[in-house]
Amino acid sequence: WLKKKQLARFLRERLPKRIHDLLRDFGQVADDLGLNLFVVGGFVRDLLLRQENFDIDLVVEGDGIAFARRCAERFACRFRSHEKFGTAVIIFEDGFKVDVASARMEYYSRPAALPTVEYASIKLDLFRRDFTINTLAIALNRGRYGELLDFFGGQRDLKDKAIRVLHNLSFVEDPTRVFRAVRFEQRLGFRIGRPTEHLLRGAVRQGFVERVGGSRLFRELELILREPDPWPAVERLASFDLLRFVHPQLKLDKTLARVFAEASRVVHWYQLLFLERPCRPWLIYFLCLTSALGREAMAEACRRLNVPPRIARLVTEGREEALAVRQRMRRWRHRKKPPAASEIYRLLHPLERDLVLFVMSLAEDERIKQWISHYFNHLAQVKCELDGDDLRQLGIPPGPVYRAILDDLLNARLDGRVTGRDEELAYVRRRHLS
Ligand code: CTP
């Protein structure tokens, strides 16, 4: 158990100077306004776990928006407020953001409904939260700086590595917490406590999760898939019978495990090599998770999860294209001659990067992996040196033919038949001007 002084020192030693100074300054602003101020939630949890987390969530006993406004004046930065919820964001010049909330008590008018809000004390504010490990707060006012508030056994549960709810209705009030429980459990290497697991299973069994809107479910799933290694969490979801909310046909089996493991290798390989061309691992994992679903089932999953249109298109129509590409590559394996670089490029280039990586995750054959890896390593970025202006200067009348010529030229370049500008010019003259 940490004493106030110890925690003040801990804050000083663990945090970058800028963050530490900022907390101090926030405390001063709160003093000036006569308000009690706390940093709460994930920031405190991760601080005590010695894990880096600079997402600062502040709670003010009283008007959080007035506090944020004063901070914006004091630090010459911007702030945005959300009157209805009594919340604000302080936005610093360089984009660094700090969330501010007014301590509040939430009344749930019916299970799974959005809460209505009223001002309350920090203790009530913390009581409405999901798990004990997220209910820790540290006072920031000058006289109390570093005082740890632990009303609900948060420190004990950090020590026990336990995910525990605060009361029996927690999952009923907010069924998205069943997904959060799994996410925190797997991320932190904790264990959902026995009574909490019992409540979780009860909430699932009694159909509370069904009442959550599709968008919120999808958001929770996305957050799980955004974790560095989501597979254990997916297994845990399955053990709680939570995969059926994606689609009732979704099942966990050896094939899925293998595809996920492969996707994880593919994602890590890709991220190591191509930092400057980012992919979306969560989307690749989502495609893997749903890879056993047919076309119609996938469309249905998108409808029930209210998947945003762009993503929905990618995982339905885009996925069909990806599967067709996969078929083509499988057939290539039976050809006598391996595919030319330009063939690989033409096949893969129209696909979004995440879909190519999905195809790579599905590949059972090393050759398919090698072709895709060759594409990323050597082909994806290849460009011709000539452009439309050059063609005009060569005296070719502008028109759709330009596209065809430049495509042909790029193929020649990809296959190593021309290198450099002079050879490109010679190539075009030879092929398209005679
Ligand atoms: N919270 C909750 N119920 C939810 C969502 C959030 O009680 N369904 C509470 C949690 O106590 C959490 C706080 O709101 O501490 C902020 O939520 P979020 O930013 O999602 O939590 P973090 O703990 O910061 O999670 P992460 O580390 O993933 O950012």
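The values are calculated or read from the model by the stated rules, or taken from the named source; none is laboratory data. In this text the structure is predicted, and so the values were computed from the model without any measurement. Using ideal geometry, Cβ is built from the backbone for each residue, glycine included, and neighbour counts are taken over all protein chains shown. Side chains included, ligands, DNA and RNA excluded: accessible areas come from the protein's heavy atoms. Shrake-Rupley method; radii C 1.70, N 1.55, O 1.52, S 1.80 Å.
Its residue count N sets the reference 2.2 N^0.38 Å, and the alpha-carbon radius of gyration of the stretch 388-432 equals 1.06 times that reference.
Rounded, prolate or oblate for the chain? Axes are the square roots of the Cα gyration tensor eigenvalues, ordered a ≥ b ≥ c, and the cut-off for rounded is a/c under 1.5. Please report the intermediate quantities before stating the final value.
Numbers: a/c = 2.63, a/b = 1.76, b/c = 1.50.
Prolate.
Within the stretch 352-399, which GluC sites (Glu not before Pro) sit in a loop by DSSP and count at most 16 neighbouring Cβ atoms inside 10 Å? Sites meeting the loop and neighbour criteria: Glu352, Glu364, Glu385. Write out the GluC sites (Glu not before Pro) in the stretch 1-78 meeting two conditions: DSSP loop, and at most 14 other Cβ atoms within 10 Å of their Cβ. When the GluC sites (Glu not before Pro) of the stretch 1-78 are filtered for loop state and at most 14 Cβ neighbours within 10 Å, Glu52 remain.
The figure for Leu124 is an accessible area of roughly 70 square angstrom, using a 1.4 Å probe on the protein chains alone.
Comparing Ala312, Ala404, Ala137, which has the greatest mean-square fluctuation in the GNM of the chain with Cα pairs linked when under 10 Å apart? So, out of Ala312, Ala404, Ala137, the one fluctuating most is Ala404.
Each Lys or Arg adds one and each Asp or Glu subtracts one; over the other residues with Cβ under 15 Å from the Cβ of Asn306, this totals +3.
Are there GluC sites (Glu not before Pro) in the stretch 202-279 that DSSP puts in a loop and that have at most 12 other Cβ atoms within 10 Å, and which ones?
Glu276
Rolling a 1.4 Å probe over the protein heavy atoms leaves Asp21 with an accessible area of roughly 60 Å².
Put simply, the amide H of Asn36, placed in the peptide plane, has neighbours under 5 Å in Glu61, leaving out anything fewer than 5 places away on its chain.
Across the stretch 4-159, the mean sequence separation of Cα contacts (distance under 8 Å, 6 or more residues apart), normalised by length, yields a relative contact order of 26 percent.
Working from label points 7 Å from Cα in the Cα-to-Cβ sense, the Ser121 to Ala261 distance is 5.4 nm.
For the stretch 207-221, putting each phi into the Karplus relation 6.51 cos²θ - 1.76 cosθ + 1.60 with θ = phi - 60° gives couplings of x, 5, 5, 4, 7, 6, x, x, 4, 5, 4, 4, 4, 5, 5 Hz, in residue order, rounded to whole numbers and with x for Gly and Pro. Comparing mean-square fluctuations of Leu272, Leu158, Leu140 from a GNM of the chain with C-alpha springs under 10 Å, the top value falls on Leu272. When only the Cβ of Lys, Arg, Asp and Glu is charged (+1, +1, -1, -1), the dipole of the chain relative to its Cα centre reaches about 960 debye. An oblate overall shape is assigned to the stretch 161-245, the ratio a/c of its alpha-carbon gyration tensor axes (a ≥ b ≥ c) being 1.5 or greater and a/b not exceeding b/c.
Apply 1/(1 + (r/R0)^6) to the Cβ-Cβ distance of Leu33 and Asp55, taking R0 = 22 Å, and write down the FRET efficiency to the nearest 0.05. Efficiency, rounded to the nearest 0.05: 0.40.
Counting helices only, and only those DSSP H runs with n ≥ 4, report the 222 nm mean residue ellipticity of the chain as the sum of -39,500 (n - 2.57) divided by its residues, in deg cm²/dmol to the nearest 500. Walk me through the numbers on the way to the answer.
Details: 22 runs with 226 residues, N = 434.
Using -39500 (n - 2.57) per qualifying helix, the result is -15500 deg cm²/dmol.
For the chain, the relative contact order comes to 10 percent (Cα pairs under 8 Å, sequence separation of at least 6). Listed values for the stretch 408-424 are Karplus-derived 3J(HN,Hα) couplings in whole Hz (6.51 cos²θ - 1.76 cosθ + 1.60, θ = phi - 60°), namely 4, 5, 5, 4, 4, 5, 4, 8, x, 7, 9, 9, x, 5, 4, 5, 5, and x replaces Gly and Pro.
Based on Cα contacts under 8 Å between residues 6+ apart, the stretch 277-374 shows a relative contact order of 36 percent. Amide H contacts for Ile192 (H built 1.01 Å from N in the peptide plane; partners 5 or more residues away or on another chain; cut-off under 5 Å): Ile163.
Please give the FRET efficiency for Ala404 paired with Glu93, using the beta carbon to beta carbon distance and R0 = 45 Å, rounded to the nearest 0.05. Calculated value: 0.35. With the convex hull constructed from alpha-carbon coordinates only, the stretch 4-159 shows a mean projected area of 9.2 nm² over all directions.
Ignoring ligands, DNA and RNA, please state the percent of accessible area on the stretch 249-381 from carbon and sulfur, probe 1.4 Å.
Here carbon and sulfur together make up 52 percent of the probe-accessible area.
Taking Arg280, Arg319, Arg50 in turn, the Gaussian network model of the chain (Cα-Cα springs below 10 Å) assigns the largest fluctuation to Arg50. Just the C-alpha atoms of the stretch 206-280: what Rg/Rh do they give, with Rh taken as the Kirkwood radius? That ratio equals 1.03.
Taking each residue as 0.36 nm, the span from Arg194 to Arg431 lengthens on full extension beyond its C-alpha to C-alpha distance by 77.9 nm. Just so you know, the averaged projected area of the alpha carbon convex hull for the stretch 250-367 sits at 7.9 nm². With both partners inside the chain, how many of the DSSP beta bridges are antiparallel, as a percent to the nearest 5? Just about 75 percent of them are antiparallel. Couplings for the stretch 135-145, taken from phi via the Karplus curve 6.51 cos²θ - 1.76 cosθ + 1.60 with θ = phi - 60°, read 9, 7, 9, 10, 6, 10, 4, 3, x, 10, 3 Hz in order; Gly and Pro are left as x.
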